[in-house]
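Have a look at the structure below before the remarks.
Derivation of every value follows stated rules applied to the coordinates shown; laboratory data play no part. The model shown is predicted, which means the values in this text are computed figures rather than measured ones. Neighbour counts are summed over all protein chains in view; Cβ atoms, including those assigned to glycine, are modelled from backbone coordinates with ideal geometry.
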Amino acid sequence: MGIIKRFFRKPSPQTAVSPDTREQYPAPPAESSQPTTDELIAEGQALEDEGQLEAAEKLYRQAAEIDPDCARAYLNIGNVLETRNELEEAEANYRMALKRDPEYGGAYANLGKICLDKQAYTEALELYNKASQLIPGAAGLEALIGIGFSLSQLGRSRESIAAYEKALRYAPHHEGANLALSHLLIQDGQHERAASLLEKFLAHHPDQAQGLGMLAESYLRLGMIEEGLRLIEKACNLEPNDEKLASTRLFMLNYDPKLPPEELFEHHRIFAEHFFAAFTPDNPVFDHSRNPERKLKIGYVSADFRVHPVAMFIETLIRHHDRTQFEIHAWHTHTDHDQTTKKFMDLVDHWNSVPTLSDDALAEDIRKAGIDILIDLSGYSSGHRLPVFARKPAPIQATWLGYLGTTGLTTMDYRICDHFTDPPGMTEHLHTETLARLPRCQWCHVPYEDLPDAESPPILDKGHLTLGSFNNITKLNKEVLSLWARLLSSIPNAELHLAAIPDGRARQQLLAFLGEKGVDGKQLIFIPRQEYKDYLKSIAGVDIALDPFPYNGGTTSIDTLAMGVPFVTLAGKHSIARGGVSLLSNTGLSDFIAQTPEQYVSIIEHYAQHPEELSQIRKNLQQNLAASPILDGPAFTQDFEHMYRQWWQRWCDTGN
């Protein structure tokens, strides 16, 4: 909302050039002893510039007394009141200005900003549209930006993009419009366009930290991982106290293949200490009943109660909860509400939509609800509310699912995982939380519907091996691509199908890098982004899928298994690099787990020479997956509930 300026001191819509431009009033006649309204307003503006708001307001009100029909006087009174955050009185004065001059574009714009402050986005849009009609062209720039912002808050992203693009035609280097448009493009998955826009903007504003941060994110999404990491470091150095930038940096560091897990942990610990220590309670006190057998209130906090891969894992747990033993509360922190959101609203006992609630207010809301166990489902992913967990609003707090690593919070009691992702003795030192290991798998996906039966592996018909990558390009770092190049060189007649690699620089750079490593471009088949059913068919069209590292696949890997296709993974030394180990171990495919890069290659070479073994695996894999913990919602939920009861018993016994 900071990009929206007020139409300060507009004498008339016809003479307005920009929000900060003033009309030069004619000098008063020399013989005049009575100050004119123009004089009073000009003097008031000078005082307002100096921060003397009361003196300025007095002069504006004097101008209104001299000329009760002076719309400009009421506009300037409203400006002073808004600066003092007296929004109701400011709104009243803007409306008085419009009553006196119904064609006063500046008053419509300023009133629009008041509506933005009240989150009355529909009314704000109407007002900004009116302002834009009355102040055409470059003079109406801020009205166009107000239109864009209002549309974005109403979920009308495409129209918002068009409004910002129109604004930038008048002011190509406008900071707010560039940043807002870039944000929308990134949200819409238009990372190539966002990157191009931000590169042009940063050429004129090289130290604009938010722009650097967004360009870093765009680069990451284009597979330009090293470039993105360099930019986010620069952004954080420019703004070391910007929590959002620092949080984005933490998230991006998970994609750095060269960063040791110990250093990754230390970054998280330092972040939490720096940004959360100020409101972390030393000895939080709770008056919850210490009856270990009573019905418990469980709270889930997430930005992903919507169409999102994470929702397919949250649903199975919430759907199967025993409501005689657990009362389920959900806090949705995202603005999007879709059919999946409506489903969750029906599944839980108490639904709360809180995208704009402050951290203090949300923490207080959770306290008032009397939540016994509070679960974070986001970690440092988009829309997270970890500052709320830092305030410790519930006796027991845990993180699960949305972020496969530590939060660094001392107030987060547990991180939920399994024995495969976090074997005892391997990763405890990488967490501020106590590791709570589920007995089988840390994931449980909703059951698949109407899946076609697995077909024979393509190698039987083609006579050569077809490999596939269906993960996001952000996970395809240079170490991954180098290993895949070795693999393709060792099996020169193999094909590699690469899904969802954006056309443009992302694809060009990937081709160039693999070409330098000796890969024949004919071995590479690019699959465009597809509808879900077509995406599953594309998976069925490969013999073996390739898991990236250190950031393994999750939902994509389960989709691969669901189509009867095994994947090869390289076992790492921390949680995010062992997701493939968990999924393969839970489906009887431990032979596809490599301990070294050399073994990764040799596993695939073996199956290239023994296609009959692949055929047998394909026949059984769908059935094995269906019978595994990965799709067994009731058993998975029982494991969770048993874990909750253990936590609660411990808290009742010890108070911590």
Compute the signed sum of charges (Lys and Arg +1, Asp and Glu -1) over the other residues within less than 15 Å, Cβ to Cβ, of Met345.
-> -2
Show which lysines lie in cross-link reach of Lys462 when reach means a straight Cα distance below 18 angstrom and same-chain residues fewer than eight apart are skipped.
-> Lys522, Lys537
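Taking K and R as +1 and D and E as -1, what net charge do the other residues with C-beta under 12 Å from the C-beta of Pro447 add up to?
Residues close to Pro447 contribute a combined charge of -3.
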Scan around Leu374 for amide H atoms under 5 Å from its own, H built in the peptide plane at 1.01 Å from N, and keep only partners 5 or more places away or cross-chain.
-> Gly299, Ile396, Gln397, Ala398
For segment 254-267, 3J(HN,Hα) per residue [Karplus equation, 6.51 cos²θ - 1.76 cosθ + 1.60, θ = phi - 60°, Hz, x = Gly/Pro] | 5, 8, 7, x, 8, 7, x, x, 5, 6, 4, 4, 4, 4
May I ask for the net charge around Glu479, where only other residues with Cβ less than 15 Å from the Cβ of Glu479 are counted and Lys, Arg are +1 while Asp, Glu are -1?
-> +1
HN-Hα couplings for segment 545-561 via Karplus (6.51, -1.76, 1.60; θ = phi - 60°), in whole Hz with x for Gly/Pro, come out as 9, 10, 8, x, 8, x, 8, 6, x, x, 4, 4, 5, 5, 4, 4, 5
Ratio to report: Rg/Rh of the chain, with Cα atoms as the point set and Rh obtained by the Kirkwood method; give two decimals.
-> 1.05
Per DSSP, the loop-located trypsin sites (Lys or Arg not before Pro) within segment 155-198 having at most 16 other beta carbons within 10 Å are Arg156
Evaluated over segment 459-631, the Cα radius of gyration and Dmax, each in Å | 14.9, 44
Simple SL model, points at 7 angstrom along Cα→Cβ for Glu266 and Lys537; separation in nm is 5.2 nm
Quick one: dipole size for segment 459-631, taken about the Cα centre, charges +1 on Lys/Arg Cβ and -1 on Asp/Glu Cβ, in debye to the nearest 20.
-> 400 debye
Hey, which lysines would be in cross-link range of Lys573, C-alpha to C-alpha under 23 Å, not counting anything within fewer than 8 residues on its own chain?
-> Lys258, Lys475, Lys478
Place +1 on the Cβ of every Lys and Arg and -1 on the Cβ of every Asp and Glu in the chain, take the dipole about the Cα centre, and give the residue among Ser585, Asn79, Phe149 whose Cα lies farthest towards its positive end.
-> Ser585
Report ³J(HN,Hα) in whole Hz for each residue of segment 172-185, in order, from the Karplus equation J = 6.51 cos²θ - 1.76 cosθ + 1.60 where θ = phi - 60°; Gly and Pro get x.
-> x, 9, 4, 4, x, 5, 4, 5, 5, 5, 4, 4, 5, 5
Report, in debye and to the nearest 20, how large the dipole of the chain comes out about its Cα centre when Lys and Arg carry +1 and Asp and Glu carry -1 on their Cβ.
-> 900 debye
So which lysines can Lys297 reach, going by Cα to Cα under 28 Å and dropping same-chain residues fewer than 8 places off?
-> Lys342, Lys343, Lys368, Lys392
Which of the peptides 69-79, 116-126 is most tightly packed, and how do the rest follow, going by the mean number of other Cβ atoms within 10 Å of each residue?
-> 69-79, 116-126
Distance between segment 381-414 and segment 513-581 - C-alpha centres, whole angstrom | 30 Å
Between segment 311-352 and segment 143-189, the Cα center-to-center distance that results, in Å = 32 Å
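Taking the mean number of other Cβ atoms within 10 Å as a proxy for protection, how do you rank 587-598, 544-555 from highest to lowest?
Top of the packing list down: 544-555, 587-598.
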What is the set of long-range amide H partners of Leu496 at a cut-off below 5 Å, with H atoms built 1.01 Å from backbone N?
-> Leu467, Leu524, Ile525
DSSP loop trypsin sites (Lys or Arg not before Pro) in segment 290-358 with at most 15 other Cβ atoms within 10 Å of their Cβ, which ones?
-> Arg290, Arg294, Lys295, Arg323
For Ile501, distant residues with modelled amide H under 5 Å away = Ile527
